[in-house]
Amino acid sequence: MVDQGRTYIFRLREAEWSDGGKVTAADVVIILKRAIAPQSRNPLKPFLTAIDDIVSMTDQVIEVRLSRPRPDLLKLFAQPELAVRREIRRAGADPSGSPRPRPIRSCCARRSIPRGRPTTRSPSPAPSRTSS
């Protein structure tokens, strides 16, 4: 966060779409701009009115420019309604040759894990409880 809370800069982790394609900053910018567009039906849109612009600075860096500080912006971006999903449109035609509607399916970005490196998970420690 810079510029008195009016600019946020995000660096993306290496991630790939479910089809194996690389997630880029340009992809994320398009998805976020779609969420704040005038015709968007995203339920969080009214809370994102402070966003002036979203730009990709490099393949892995995004800048979000605000008209006024929005201290809860990170909490808003963490909501499921702003999940980074890509729409995949499948083209096709029915036997008569006329185009059929192209169904849309959502694919979520996933973090790529290098092959050959084992991943382990351990449970979170239980919060300490105080007895009264």
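Points to keep in mind about this one:
- Complete set of residues in the stretch 1-38 that are of a type in the set (S, T, N, Q) and at pLDDT 90 or above: Thr7, Thr24
- Qualifying residue in the stretch 22-38 (condition: under 21 Å from Pro69 (Cα atoms), in a loop (DSSP other than H, G, I, E, B) and of a type in the set (A, V, I, L, M)): yes
The values are calculated or read from the model by the stated rules, or taken from the named source; none is laboratory data. Note that the coordinates shown come from a computational prediction; the quantities given were computed from them, not determined experimentally.
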